1. For segment 84-105, how many residues meet the condition of being part of a helix (DSSP H, G or I), open to solvent by 60 Å² or more (accessible area, probe 1.4 Å) and under 19 Å from L146 (Cα atoms)?
2. Can you say whether H144 is within 16 Å of the ligand (Cβ to nearest atom), in contact (Cβ under 8 Å) with a residue 24 or more places away in the chain, in contact with a Phe, Trp or Tyr (Cβ under 7 Å, 6 or more places away or on another chain) and of a type outside the set (D, E, K, R), as far as the supplied structure shows?
3. Any idea which of E66, E125, E106 is acidic (D, E) and away from the ligand (no atom under 15 Å from the Cβ)?
4. Name every residue in segment 69-103 that is small (G, A, S), away from the ligand (no atom under 15 Å from the Cβ) and under 17 Å from the mean Cα position of the chain (by Cα), in order of residue number.
5. Hey, any hits in segment 161-170 for a residue that's more than 29 Å from N7 (Cβ to Cβ) and either in a helix (DSSP H, G or I) or aromatic (F, W, Y) (or both)?
6. Only one residue in L47, L67, L63 is assigned to a strand (DSSP E or B) and modelled with pLDDT of 95 or more. Which one?
7. Which residues, taken from segment 35-64, are of a type in the set (S, T, N, Q) and open to solvent by 80 Å² or more (accessible area, probe 1.4 Å)?
8. G15 fails exactly one of the following numbered conditions: (1) within 16 Å of the ligand (Cβ to nearest atom); (2) part of a helix (DSSP H, G or I). What is the number of that condition?
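The values are calculated or read from the model by the stated rules, or taken from the named source; none is laboratory data. Quick caveat: nothing in here was measured; it's all calculated off a predicted structure. Every residue, glycine as well, gets a Cβ built from its backbone with ideal geometry; the counts of neighbours run over all protein chains shown. Surface areas here come from the heavy atoms of the whole protein model, side chains and all, with no ligands, DNA or RNA. Shrake-Rupley method; radii C 1.70, N 1.55, O 1.52, S 1.80 Å.
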Amino acid sequence: MSRFGPNILITGTPGTGKSTLSQELASNTQLRMVNVGEVAKENQLFLGFDEKLQCPILDEDRLIDELEEQMAEGGNIVDYHSCDFFPERWFDIVFVLRTDNSILYERLQRRSYNEEKIKNNIECEIFQTILDEARESYKSDIVHELQSNTPENMENNVDEIVAWCKQWVPQST
Ligand code: DAT
């Protein structure tokens, strides 16, 4: 079976611009946006609540079952702040968004996260946790780091990914 379009993973620390970039890409391509957090909420795919990280605990197995058919069809932009539990075969390319600490701090403050949650996320970005996770989970030649500090960065990232989509050739799976 071949996919009608590529599957793209957009990952990175919360606040780096994943959902903004995904929305821009969805409106500039034929690709569908898959916000994992929203799919989980709609289908109640949670195992509980993580008090330390102050976020719901995703039921990763059920989430994968939920999305499997849609991912096999292709043409998806998946946006999530973690990336090591998805099947590697799902993705043709992976983008990891990166943001400077001071800029990220302000964005997270605007979300009214408390100090503990901001600190955890800033540490995640400082230690490039998600970039390392992506490099460990996918072939290194499909993992790309993108700066996401300014609107100009955002515009360039959209242009680059749209250009990549245009040259994508369906592959048999
Ligand atoms: P995420 O989905 O990674 O949590 P978001 O897309 O909700 O992040 O973006 C968080 C906020 O930061 C939102 O107000 C938009 C802004 N933002 C994101 N990327 C940006 C960029 N490259 N330049 C300027 N603002 C950006």
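1. First pass over segment 84-105, keeping only residues part of a helix (DSSP H, G or I): 88-90, 101-105.
Now drop any that are not open to solvent by 60 Å² or more (accessible area, probe 1.4 Å), which leaves 88-89, 101-102, 105.
Of the ones still in play, those that are also under 19 Å from L146 (Cα atoms) are 101-102, 105.
Residues meeting the conditions: 3.
2. Working: within 16 Å of the ligand (Cβ to nearest atom): yes; in contact (Cβ under 8 Å) with a residue 24 or more places away in the chain: yes; in contact with a Phe, Trp or Tyr (Cβ under 7 Å, 6 or more places away or on another chain): yes; of a type outside the set (D, E, K, R): yes.
Yes.
3. That would be E66, the only listed residue that is acidic (D, E) and away from the ligand (no atom under 15 Å from the Cβ).
4. From segment 69-103, those small (G, A, S) are 72, 74-75, 82, 102; that's our starting set.
Add one more test, that the residue is away from the ligand (no atom under 15 Å from the Cβ), and what stays is 72, 74-75.
Answer for segment 69-103, where residues must be small (G, A, S), away from the ligand (no atom under 15 Å from the Cβ) and under 17 Å from the mean Cα position of the chain (by Cα): G74, G75.
5. no
6. Details: L67 fails: assigned to a strand (DSSP E or B); L63 fails: assigned to a strand (DSSP E or B).
So the residue among L47, L67, L63 that is assigned to a strand (DSSP E or B) and modelled with pLDDT of 95 or more is L47.
7. Of everything in segment 35-64, just one residue is of a type in the set (S, T, N, Q) and open to solvent by 80 Å² or more (accessible area, probe 1.4 Å), namely Q44.
8. For G15, the exception is condition (2).
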